[in-house]
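Data first, discussion second: the structure below is written as structure tokens.
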Amino acid sequence: MLKPDRTFYILGLPINLMESYSTWVLERLQQGSGAHIVTLNAEMTMQAQRNQSLATIIHNAELIIPDGAGVALYLTFMLHQTVPRIPGIELAEDLLQILGTQHKNKRVFFYGGVAGVSSKVAELWQRKLPGLNIVGNCSGYLSSEEIWEFQQTLKQLQPDLVLVGLGVPRQELWISQNRDLCPRAIWIGVGGSFDIWCGIKNRAPQWLSNNNLEWLYRLYQEPWRWQRMLALPEFAVKAFLYSMWKKLNIRKSIF
């Protein structure tokens, strides 16, 4: 079984680096091994500093990818080489493209978003990839009775890929609590990807993404997120101090 090429730590959280995340996922799918994939960014990292349950879930995940610019820049600073960010939405799109053209027997389920969003996402992807085996979708806002019924549906369908768009940390907590329903599945928290696929929101222009300014575009679209954006400078300061502390300890151990 493929293993991540290298594992590093950011404020105590693991991050896996490898040449091809899609290849790793496809091998897990072929073997029916199952996995929880976390798309780590600065905001999630800071939430995990205050939420031990989230931190534990990240540590227990089979794969953690550098989704955010802050995480990628930190790794670049630490490793002295370019570490590209791997947006979770792009990994999900790559996997759907592969499953819809090369592995049509693999079953896909979309869970999350407000009423009507997941069904629209399923329709959009089905039109785009007629060979994609979409076995179901469900809104992320259910009553207690509906949740039980939904869990039984998942257990019966046994999808191979479950994309969960509930936002952080809700999606990570939900995956951790429910992945035993489909132990052979790949579970990925994809945040607001459903809204982007539906056209409710837009991704930042490529030039902003290339310059690590996608966060600025999100703030422009959703100015009420400004308090959440405070996690970015907080992450930068803590990550810098953490790296200096580690280097100091290394020097002490040498001398």
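Where a number appears in this text, it was derived from the coordinates with a stated rule and is not lab data. Since this is a predicted model, take the numbers as computed values, not measurements. Quick reminder, even Gly has a Cβ in these numbers, built from the backbone with ideal geometry, and neighbours come from all protein chains shown.
If amide H atoms are built 1.01 Å from N in the plane of the peptide, which residues on other chains or at least 5 residues away come under 5 Å of the amide H of I134?
Counting only residues 5 or more places away or on other chains, the set is V108.
Starting from the Kirkwood radius over alpha-carbon pairs of the stretch 54-180, derive D by Stokes-Einstein at 20 °C in a medium of 1.002 mPa s and give it in µm² s⁻¹.
132
Measuring from label point to label point, each 7 Å out along Cα→Cβ, what is the Q152 to T56 span in nm?
Label-label distance for Q152 and T56, simple model: 3.0 nm.
What is the set of long-range amide H partners of H36 at a cut-off below 5 Å, with H atoms built 1.01 Å from backbone N?
Hits under the 5 Å cutoff: E62, L63, W187.
Using a ≥ b ≥ c from the Cα gyration tensor of the stretch 73-118 (square roots of the eigenvalues), is it rounded, prolate or oblate, where a/c under 1.5 gives rounded and otherwise the larger of a/b and b/c decides, a/b for prolate?
Since a/c reaches 1.5 but b/c is at least a/b, the shape of the stretch 73-118 is classed as oblate.
So if R0 is 35 Å, what FRET efficiency would D94 and I200 give, r being the distance between their Cβ atoms, rounded to the nearest 0.05?
So the FRET efficiency works out to roughly 0.95.
Using the C-alpha gyration tensor of the stretch 5-112, what are the square roots of 5 times its eigenvalues, in whole angstrom, with the largest one first?
25, 16, 12
With respect to the cross-link table entries K104/K155; K106/K201; K120/K155, which display a Cα-Cα separation exceeding 25 Å?
Violating the 25 Å Cα-Cα cut-off are K106/K201.
Tell me, what HN-Hα J-couplings in whole Hz come from the Karplus equation 6.51 cos²θ - 1.76 cosθ + 1.60 at θ = phi - 60° for each residue of the stretch 70-83, using x for Gly and Pro?
x, 5, 4, 5, 4, 5, 4, 4, 6, 9, 6, 8, 5, 10
Ranked highest first by the average count of other Cβ atoms within 10 Å around their residues, in what order do 14-27, 53-66, 138-151, 157-170 fall?
Packing order, densest peptide first, comes out as 157-170, 53-66, 14-27, 138-151.
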